[in-house]
Amino acid sequence: MNSLLVAPAIMVGIGLFFGAILAIAQRFLKVDEDPRIEATNNLLPGTNCGACGQPGCLPFAEKLVAGEVDPGQCTVSTDEAIEQIAEYLEVDAGRAEKLVARLRCNGGHLQAHQIAEYQGFEGCRAADIVSGGGKGCAWGCLGLADCEAACTFDAIHMNANGLPQVDTEKCRACPDCVAACPRDLFELVPLNQKLYVQCNIPLAGEAATRLCKVACDACGKCVADAAPGLITMQGNLPVINYASGGEARPEATFRCATRSIVWLEREQFQEQESRKAGTA
């Protein structure tokens, strides 16, 4: 009988011994957390979207308290919430420049050449893996709405032309659409950058326009019409360098025969008018 009690007694003793060691270690090695971190985290939206560049709201709150980032880097919070955080931490709000998602493709059903009707698993990633979808362009938007489904803020909706349309007022520059697109067509750019290239085909001339009516044919007219150094041709596509010092102007788009390079104020006006019509 005594032998049956020895083993449990030993296990209990071992448990108490190590429990005591852990309790002592916790007491002497404990790192007190700044209470401002929890308070700041409570003021953040709690979306954990990563738009601020951090993996979630709590890590962002930790960096805010440490003074490593500005409250304005949270593009999801309202202006009032940003000011509240700045006032609580006694720092400058530092409202960051608004970023929005842009799609480097304008070839929908009406423009891109269709080589087949895709039937299979719904979704861009599945189509890209299985057959590349039904479009002849292997670099353009597949139009199966993975980005729409992934958007946390309901800022992306597929239009009648089979392309995702971004509502710039709702967009909070989270990386959901960037991660969802299997062809890496989405990018986050400053809202005030009006000059934009809506094509991703690395071909030139008829080789490009046979695949899509609005493809860049690499004619180089936009380069010639833009400020010196603002636009360069790379891989048969115009690349805009806003850091060059050259002023971006709509004149760079005037001679583009395919409208593959655009001045976005027109698109934003159309978006606003469409939104008004929907609420009328």
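What follows is calculated from the coordinates using simple rules that are stated; it is not laboratory data. A quick note: this is a predicted structure, and the numbers were derived from the prediction, not measured. Virtual Cβ from ideal backbone geometry, glycine too; neighbours counted across all protein chains shown.
Points worth noting:
- FRET efficiency, residue 159 to residue 259 (Cβ-Cβ, R0 22 Å, nearest 0.05): 0.85
- A Förster radius of 22 Å combined with the Cβ-Cβ distance from residue 224 to residue 193 puts the calculated FRET efficiency at roughly 0.60.
- Listed values [x] 20.5; [y] 22.5; [z] 19.1 include one computed from this model; for Kirkwood radius over Cα pairs in Å that value carries the label [y].
- Size of electric dipole in the chain: Cβ of Lys, Arg +1 and of Asp, Glu -1, about Cα centre, debye, nearest 20: 900 debye
- For region 86-131, the dipole from Cβ point charges (+1 on Lys and Arg, -1 on Asp and Glu) about the Cα centre works out to 260 debye, to the nearest 20.
- Relative contact order (percent, whole number), region 101-192, Cα cutoff 8 Å, 6+ residue spacing: 34 percent
- When 260, 244 are sorted by how many other C-beta atoms sit within 10 angstrom of their C-beta, beginning with the fewest, the order is 244, 260.
- Nearest-0.05 FRET efficiency for residue 119 and residue 88, computed from C-beta distance (R0 41 Å): 0.15
- Projected label distance in nm at residue 81 and residue 206, using a 7 Å step from Cα toward the beta-carbon: 5.5 nm
- Neighbourhood net charge (11 Å Cβ-Cβ; Lys/Arg +1, Asp/Glu -1) for residue 52: +1
- Shape class of region 37-89 from the alpha-carbon gyration tensor: rounded, with the ratio a/c of largest to smallest axis under 1.5.
- Considering only alpha-carbon pairs that sit under 8 angstrom and 6 or more positions apart, the relative contact order computed for the chain is 14 percent.
- This ranking places 156, 14, 115 by how few other beta-carbon atoms lie within 10 Å of each, fewest first, which gives 14, 115, 156.
- Residue order for 83, 97, fewest other beta carbons within 10 angstrom first, comes to 97, 83.
- Rough spin-label spacing in nm, given labels placed 7 Å along Cα→Cβ, for residue 47 and residue 9: 6.3 nm
- Point-charge dipole on Cβ atoms (K/R +1, D/E -1) for region 101-192, about Cα centre, debye to 20: 220 debye
- Report summary: the helix-based calculation at 222 nm, which adds -39500 (n - 2.57) for every DSSP H run with n ≥ 4 and divides by the residues of the chain, gives -10500 deg cm²/dmol.
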